[in-house]
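Have a look at this one.
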Amino acid sequence: MDIEAVRTFVAAVDAGQFQEAATDLSITQQAVSKRIAALEKDLGVRLFIRTARGARVTIDGQAFLPHARELLRVEERAIASVRPDRRALRVDVIGQRIAPAGLLRDFHRAHPETELDVVTHVLDTDAAIEAIRSGALDASIRAVPLPARQLTDGVQAVRVLDEPIHLLTGPAHAFAIARTIASNELAGQRIWMPGIVPGTEWAAYYQEFATAFGVTIDVIGPNFGIEHLLDMLADSAALATFVGEQTRLVWPANYDLRRVVVRDPTPVYPHSLIWHAGNPHPTLATLRDYLRSTRPTLGRPGTWAPAW
């Protein structure tokens, strides 16, 4: 795909007219039209409907737009990666509200001079490992659902945090009045987790948890996001979900949601730092040293984690 054609498409969308896009790009309007036409031919769809007032983006153009912007961001990162000045360390986490993002925030507070590029669009561990192999990522913090000895091509992983899992319920749920419950008390319970994506490491974790403790992980969706999940929990006497101890959640006071500690054993989610042994980025070494020095004792008695 011609990156200049993609850049021209984005410029035309932002400008609303081919002539203004041509001015912004310092090319002719004819060149804008040719680039757009070539891109439409490559994609096999129309991206614009030409009108007397300018160019209106089609439904296909709207669908392509966020990906086009991401292509341009990737191009910028690719150029920055070979500049003489030091680039930011690019680290992947699943989301900004969960424990791995908290580890990075703590690291940055301890080392405010470091530059971090925190990304959250990588789907699963397999994709993260491939991105680390290719150099698209410097590191990732997530569970690794296979023995470390099976990692190849210089990719390494070390467990850095065992995060306890809590049960989250609404005020009418049977467990809402409990401060703690034993893991075996969850047997037969329906745990609603519509955000789980099949084939991901967190899906593998909860599948093993369900087998070990006799719970049903219900992934029936659609997944409208965490706010919708909290809405549903607040109004239900039957629904409950799992959240990490360090997951940052905020809800209206009238929801009166309850976090219930699970114990005997305490299920813990095993977060690992993944990186490539040949990566020379100085901040990566600093991050590894920091996590090595601050991580708590792992695999404590009375906890449960998958065999992997």
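Read-outs throughout are calculated quantities, based only on the coordinates presented, and are distinct from any laboratory measurement. As the structure is a computational prediction, the values presented were derived from the model and not from experiment. Methodologically, a virtual Cβ is constructed for each residue, glycine included, from the backbone with ideal geometry; neighbour enumeration extends over all protein chains shown.
For 60, 92, 264, which order do you get if you count the other beta carbons within 10 Å of each Cβ and list the fewest first? Present the calculation step by step, with values, prior to reporting the outcome.
Values: 60 15, 92 24, 264 12.
Starting with the residue having the fewest Cβ neighbours, the order is 264, 60, 92.
Where both partners of a DSSP beta bridge lie in the stretch 1-147, what percent of those bridges are antiparallel, to the nearest 5?
Roughly 40 percent of the DSSP beta bridges within the stretch 1-147 come out antiparallel.
Hey, another quick one. Among 275, 304, 202, what is the fewest-to-most ranking by other Cβ atoms within 10 Å?
Placing the least packed residue first, the sequence is 304, 202, 275.
Where both residues lie in the chain, what percent of DSSP beta bridges are antiparallel, nearest 5? List each step's numbers first, then the result.
Details: 26 of 40 bridges.
If we restrict to bridges inside the chain, about 65 percent are antiparallel.
Continuing with the same structure: Any idea what % of Cα-Cα pairs in the stretch 192-308 are farther than 16 Å?
For the stretch 192-308, the share of Cα pairs beyond 16 Å comes to 71 percent.
I need the per residue convex hull volume for the chain, using only the alpha carbons, in cubic angstrom as a whole number.
Values: hull volume 56.4 nm³, N = 308.
Cα-based convex hull of the chain, divided per residue, equals 183 Å³.
Quick one: grab the alpha carbon gyration tensor of the stretch 3-80, order the square roots of its eigenvalues as a ≥ b ≥ c, and give me rounded if a/c is under 1.5, else prolate or oblate depending on whether a/b is larger than b/c. Present the calculation step by step, with values, prior to reporting the outcome.
On the way: a/c = 1.76, a/b = 1.28, b/c = 1.37.
Oblate, because a/c is 1.5 or more while a/b does not exceed b/c.
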